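Undergrad: Okay, handing you the structure first.
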Amino acid sequence: MLRRFIRPSLPTAFEIDVEGRRIPIMVRQSARARRMSLRVRRAERDVVLTLPPRASLVMAENFAQRHGRWIAERVEQLPNVVPFSHGASIPLRGVLHRIEHRDSLRGLVEVLERDEPVIEVPGLIESLPRRMADFLRREARRDLEEAVTRHATKLGVKFGRISIKDTRSRWGSCSADGNFSFSWRLIMAPSYVLDYLAAHEVAHRREMNHSRRYWAVLRDLFPETDAAEAWLTAHGAELHCYGAAAGACDGPSTKGASTLRG
């Protein structure tokens, strides 16, 4: 009787050493994989090694170790998660502000100019994250409503509702009936970036596409288009790391993972 060889199951993770630093590697086997591949994922902040069915643990470890420097460089580039908490520093209109909890059950969240800019948050300490997020949403709505109205007036177009959300697939959108939706996280970017996103969506009231005519309208409306796009490409992911839970640090204008294939 012929017996089928059954390969022992591989561990779900192992570690490699890169210049004294231990980096965990998650292991996945895929029946469709034809070769080994490494992914450093932004959102999950982890490293995943995908293996074809016949790969062994020794092959997996050797492959990961051989590309250890590539892994370490990309792990180092992952943006850090910064919760909304007492003492944390977050950007407001592109300027870092330190969050300070005020031991008072009454009062509004305030922006104060001291030795360094401060956002003072009253209330119960456990309510601080929610109050900070609510404050940033209000500030975003105020700035976006002003910018949208200004750009729409200049372009001579009308618009409908403005919704403020925590979108991850895009920074803003325009519906066919003229309703706008924006990410409240834009309030943490430099003011010209928020202003650009408002102009970007308003320009869709003239051209509901991304044709050459659309970009011509947008650049006439907002000459700093290229600079704002470059900022979002370079720093957009960082905005989704503020007030985020660990493992939730990704957003629009970013690549979800760096991939290397063997």
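Undergrad: Once phi is turned into ³J(HN,Hα) by the Karplus curve 6.51 cos²θ - 1.76 cosθ + 1.60 with θ = phi - 60°, what whole-Hz value does each residue of the range 74-80 show in order, with x for glycine and proline?
TA: Computed from phi, the couplings for the range 74-80 are 7, 5, 5, 7, 5, x, 7 Hz.
Undergrad: Right, here's the next one. Taking amide H positions as placed in the peptide plane 1.01 Å from N, state which residues far from residue 18 in sequence (5 or more) or on other chains have amide H under 5 Å from it.
TA: 23
Undergrad: Please list the non-local residues whose amide H lies under 5 Å from the amide H of residue 162, H modeled 1.01 Å from N, same-chain partners needing a gap of 5 or more.
TA: 180
Undergrad: Let me ask something else. Counting alpha carbon pairs within less than 8 Å and at least 6 residues apart, what relative contact order, in whole percent, applies to the chain?
TA: For the chain, the relative contact order is 20 percent.
Undergrad: Sort 258, 175 so that the residue with the fewest other Cβ atoms within 10 Å of its own Cβ comes first and the one with the most comes last.
TA: Sorted ascending by nearby Cβ count, the order is 175, 258.
Undergrad: Okay, moving on. Taking each pair of different alpha-carbon atoms in the range 1-147 once, compute 1/r for the pair, average those values, and report the inverse of that mean as the Kirkwood hydrodynamic radius in Å to one decimal.
TA: Radius from the Kirkwood sum: 19.5 Å.
Undergrad: Can you compute 3J(HN,Hα) from phi for each residue in the range 150-165, using the Karplus curve 6.51 cos²θ - 1.76 cosθ + 1.60 with θ = phi - 60°, rounded to whole Hz and x for Gly and Pro?
TA: 5, 5, 5, 5, 5, 7, x, 10, 10, 8, x, 7, 10, 10, 10, 10
Undergrad: Here's a follow-up. Restricting to bridges with both residues inside the chain, how much of the DSSP beta-bridge set is antiparallel, in percent to the nearest 5?
TA: Antiparallel bridges: around 65 percent, rounded to the nearest 5.
Undergrad: Now, a different point. Residues with amide H under 5 Å of residue 88's amide H, sequence separation 5 or more or different chain, H placed in the peptide plane at 1.01 Å from N; which?
TA: 99
Undergrad: Still on this structure: Report the gain in length on full extension from residue 105 to residue 154: 0.36 nm times residue separation, minus Cα-Cα distance, nm rounded to one decimal.
TA: Taking residue 105 through residue 154 to full extension adds about 13.3 nm, to one decimal.
Undergrad: Based only on other Cβ atoms within 10 Å, what is the fewest-to-most ordering of 158, 165?
TA: 158, 165
Undergrad: Sticking with this one: Starting from the 7 Å offset along Cα-to-Cβ, what nm value, one decimal, do you get for the label separation of residue 96 and residue 54?
TA: 5.3
Undergrad: Please sort 210-221, 182-193 by packing, taking for each peptide the average over its residues of neighbouring beta carbons within 10 angstrom, highest first.
TA: 182-193, 210-221
Undergrad: Can you pull the Kirkwood radius for the chain, inverse mean 1/r over Cα pairs, to one decimal in Å?
TA: One over the average 1/r among Cα pairs gives 21.4 Å for the chain.
Values quoted throughout were computed directly from the atomic coordinates according to the rules given, and no laboratory measurement underlies them. Just so we're clear, the structure is a prediction, and the values are computed from it rather than from any experiment. Positions of Cβ are backbone-derived with ideal geometry, glycine not excepted, and every protein chain shown enters the neighbour counts.
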